[in-house]
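K.L.:
Can you keep this structure in mind? I'll have questions shortly.
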Amino acid sequence: MNEIRDDALWRAILSETAQAAREEPLLASFLHMTVLRHASLEDVLAFHLSSKLASPVMDARALMELFHEALAADETIIGAVRADIHACFERDPACDSYSAPLLYFKGFHAIQSQRVTHWLWKQGRRTLAYFLQNRISEVMGADIHPAARIGYGVMLDHGTGVVVGETAVIGNNVSLLHGVTLGGSGKQRGDRHPKIGDGVMIGAGAAILGNIRVGDCAKVGAGSVVLDDVPANTTVAGVPARIVAQAAGTPALDMDQKV
C-alpha cells in the first residue's frame, strides 16, 4: 500500500473544522474538543471513536488508550484511515469535505473501529475484540467480525445493516453500500466467507454467500444474491446472480449503480 501520510490532508481537516466552528457556534465546542485541540489525525481518531463506543462498563478514557496503543503498534492502520477518507471524498457525492467522514459518517467509523478490533484479534485479545465488535454493531449499525481482513481505500457508504463474516476478505479500493452481507452459506466451519477483489463495487442489499471470490473490478448489482465466483471485470445481478455485462473501468471508483 502506498502510504497516504500527506500533511495536506491533516491541514485540510483542521481548516475545514475551524471554518465550521466559526459558521456554526452551537457546534464550536464539539469541534474544538473533537478536532481542533488535537495534534494529529491519530489523536482525533482515538478520541472520537472512543467517545462513541464508550459505555457504562467501558469508559472513554480506557478505550482512547486502547486506540492509541493500536495506532502506535500498527502503522498500516492510520495509512488505511487516510486512504478511506480520500475514498469517501472522491466517491460519495454527499461528502463535500475531508472532515465529514471523520466526524459524521458511521460507515467510516465502523471500518476504522474494526481495524482496531482486527489488531486485537491478531494479538490474541479475542474477548476484548468480541466485546468491541458488539459495541460497534450497537452504535454504528455494521456487524464486522474482528478476524475479517479489510484493505485500504474502502468506502462503506452509510454502513447500516452491513454484515461481514469471520473469514471474509475485502480488497483495496472497494465500495460497499448499505445492507451488504458477506456471509456464510451454512453452518460449516473454517474458511467459509467471500473474498472480494480490488476495485469491486457491491450494491445496496446484496448478499454474497460462501467461500467464493468476486474478482477484481467486478460489480454486484443491488439486491443480488451471489452464490458462485464472479469473474473479474464483470457485472452480476439477480437472484441468484448471473453475469449480465462486462464491467468497464473500476466500478468502486465510478460508483455507477446501473447494471
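K.L.:
If you compute Cα extents along the principal axes in Å for the structure shown, which of [x] 55, 46, 36; [y] 51, 48, 36; [z] 51, 38, 32 do you land on?
P.N.:
Computed from these coordinates, Cα extents along the principal axes in Å corresponds to label [z].
K.L.:
Would you work out the relative contact order for the range 1-142, in percent, from Cα pairs under 8 angstrom that are 6 or more residues apart?
P.N.:
22
K.L.:
Let me ask something additional. Can you put LEU176, LEU26, LEU103 in order, fewest other beta carbons within 10 Å first? If you can, show how the numbers build up before the last one.
P.N.:
On the way: LEU176 28, LEU26 7, LEU103 20.
Fewest-to-most Cβ neighbours within 10 Å comes out as LEU26, LEU103, LEU176.
K.L.:
May I pose another question? Between their Cα atoms, which of LYS187/LYS219; LYS122/LYS195; LYS187/LYS258 are more than 31 Å away from each other?
P.N.:
Long pairs (Cα-Cα over 31 Å): LYS187/LYS258.
K.L.:
What residue among ALA252, ALA207, PHE108 has its Cα farthest toward the positive end of the dipole of the chain, where the charges are +1 on Lys, Arg and -1 on Asp, Glu, each on the Cβ?
P.N.:
ALA207
K.L.:
Given a cut-off of under 8 Å on Cα pairs at least six residues apart, what relative contact order in percent is computed for the range 13-93?
P.N.:
Numbers: 44 pairs, mean separation 14.0, N = 81.
RCO, the range 13-93: 17 percent.
K.L.:
Sticking with this one: Taking the C-alpha atoms of the range 148-259, how large are the radius of gyration and the largest Cα-Cα span, Dmax, in Å?
P.N.:
When restricted to the Cα atoms of the range 148-259, Rg and Dmax are 12.2, 37 Å.
K.L.:
Continuing with this model, one more query. From the residues VAL154, CYS95, THR234, which one has its Cα farthest along the dipole of the chain in the positive direction, the dipole being from +1 and -1 charges on Cβ of Lys/Arg and Asp/Glu about the Cα centre?
P.N.:
In the chain, that residue is THR234.
K.L.:
Any idea what the relative contact order of the chain is, in percent, if you count C-alpha pairs under 8 Å spaced at least 6 apart?
P.N.:
Relative contact order for the chain comes out at 11 percent.
K.L.:
Next question, about the same structure. Enter the Cα centre distance for the pair the range 70-103 and the range 193-259, rounded to the nearest angstrom.
P.N.:
Distance between centres, Cα-based: 24 Å.
K.L.:
How many percent of DSSP beta bridges within the range 148-259 run antiparallel, rounded to 5?
P.N.:
Values: 4 of 26 bridges.
Approximately 15 percent, going by the DSSP bridge assignments.
K.L.:
So how do ARG37, ARG135 line up by other beta-carbon neighbours within 10 Å, fewest first?
P.N.:
The most exposed by this proxy come first: ARG37, ARG135.
K.L.:
If you don't mind, another one. Mind checking the dipole of the chain: about its Cα centre, +1 per Lys or Arg Cβ, -1 per Asp or Glu Cβ, Debye to the nearest 20?
P.N.:
Rounded to the nearest 20 debye, it is 780 debye.
K.L.:
In degrees, nearest 10, range 0 to 90: what is the angle between the Cα axis of helix 60-73 and the longest Cα principal axis of the chain?
P.N.:
Roughly 70 degrees between the two axes.
K.L.:
Continuing with the same structure: If you fit an axis through the alpha-carbon atoms of helix 106-122 and take the longest principal axis of the Cα set of the chain, what angle between them do you get, 0 to 90°, nearest 10?
P.N.:
Its long axis makes an angle of about 90 degrees.
K.L.:
Could you tell me the calculated FRET efficiency between ALA39 and ARG189, based on Cβ-Cβ distance and R0 = 35 angstrom, to the nearest 0.05?
P.N.:
Between ALA39 and ARG189 the formula returns 0.20.
K.L.:
Taking the number of other C-beta atoms within 10 Å as the exposure measure, put LYS219, LYS122 in order starting with the fewest.
P.N.:
LYS122, LYS219
K.L.:
By how many degrees, 0 to 90 and rounded to 10, does the Cα axis of helix 41-53 deviate from the longest principal axis of the chain?
P.N.:
80
K.L.:
Quote the FRET efficiency, to the nearest 0.05, computed for ASP59 versus ASP256 with a Förster distance R0 of 35 Å and r equal to the Cβ-Cβ distance.
P.N.:
For R0 = 35 Å, the calculated efficiency reads 0.20.
K.L.:
At a Förster radius of 22 Å, what calculated FRET efficiency corresponds to the Cβ-Cβ distance of GLU166 and ALA232, to the nearest 0.05?
P.N.:
FRET efficiency, GLU166 to ALA232: 0.35.
K.L.:
What is the antiparallel percent of DSSP beta bridges lying wholly in the chain, to the nearest 5? Walk me through the intermediate numbers first.
P.N.:
Details: 5 of 29 bridges.
Of those bridges, close to 15 percent are antiparallel.
Each value in this text was obtained by applying a stated rule to the coordinates, not by laboratory testing. None of the values given here were measured: they were computed from a predicted structure. So basically every Cβ, Gly included, is an ideal-geometry build from the backbone, and we count neighbours across all protein chains shown.
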